[in-house]
Amino acid sequence: MNYDNIITAFNQGITSITINRPSKLNALNKATIKELHEAFKQADTDKNTKVIIVTGSGEKAFVAGADISEFAHFDSKKGKKLAKKGQELLFDFVENLSTPTIAAINGFALGGGLELAIACHFRVASNNAKMGLPEVSLGVIPGYGGTQRLPQLIGKGRAMELIMTAGMIDANQALSYGLINHVTAAEDLLPLCEKIAGKIARNSSVAIGAAIKAINANYKDGVNGFEVEVSEFGNCFDTQDFTEGTTAFLEKRKADFPGE
Ligand code: COA
């Protein structure tokens, strides 16, 4: 599929999605959000894609936020629609993908950019990365899930401070907060993500999808995560992946999961 604002590539079970508006520091405009939705959807339904990696093009930014030029003249009605639509199409959508999704943060991850990274299942950053939710400096608040997901990840007090100060933290601080899982040199960022993706890809994609669902259930209002875990655990027993995984173990060989 051809896109104007993103580049997708497939290699050895990994679909890479690169947000490609470097002259605007990869800011998320409406068209980019739509294309990202399509690309994530396509990768998630592609049986050969075991892991998705999302990153930004250029050396400066992952994503420097939602495209401010698009919403600067909005009123409250349009603002609510923007947040709702964006959450549905991209941020909630990514969080609930059954394909593991890694954010490779290669520079600024601000506003909607950090919100996209924290909607991914986990994050790895280069040592030049800078992260923050600067929306209150524009007279607005994070609207793509940042007020909800950031406290879940780093705790309420730290999220409050980061959001209230509109400040930025560097990769080492983000690591100490638990916002990212690893920091690496810029040139090693994608190789490290690919190495982690390779480890994930060896396992049952069906079981991983079930694990994502159960883990996410802990953060959903009115959902009992333990019940979801029981249900997803039980469902695994009817899958070919489970038969293959347990049989391979007993036969002392490596499992070759059919992904069903
Ligand atoms: N929306 C729209 N355009 C953006 C953008 C955004 N979120 N972030 C950067 N850009 C554009 C700039 O307007 C500039 O475009 P121009 O060359 O046509 O003027 C280009 O990207 C380069 O950005 P610039 O500000 O010149 O780079 P810098 O190195 O001086 O500063 C940042 C980098 C990230 C500190 C700065 O761009 C910034 O503060 N961006 C906005 C961050 C933000 O508030 N995000 C939350 C939005 S809700």
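Each of 35, 115 has some number of other Cβ atoms within 10 Å of its Cβ, and from fewest to most they run 35, 115. The alpha-carbon atoms of the chain define a convex hull whose volume equals 134 cubic angstrom per residue. Cβ-to-Cβ counts within 10 Å put 93, 249 in ascending order as 249, 93, the fewest first. With neighbour counts taken as other beta-carbon atoms within 10 Å, the residues 221, 238 rank, fewest first, as 221, 238. Placing R0 at 41 angstrom, the Cβ-Cβ distance between residue 166 and residue 227 gives a FRET efficiency of 0.55 after rounding to 0.05.
What does the charge count around residue 254 come to, taking other residues whose C-beta lies under 15 Å from its C-beta (Lys +1, Arg +1, Asp -1, Glu -1)? Counting the neighbours of residue 254, the net charge comes to 0.
We did not get these values from a lab; they are worked out from the coordinates using the rules stated. As the structure is a prediction and not an experimental result, all values here were calculated from the model. No Cβ is skipped: glycine too gets one built from the backbone with ideal geometry, and neighbour counts run over all protein chains shown.
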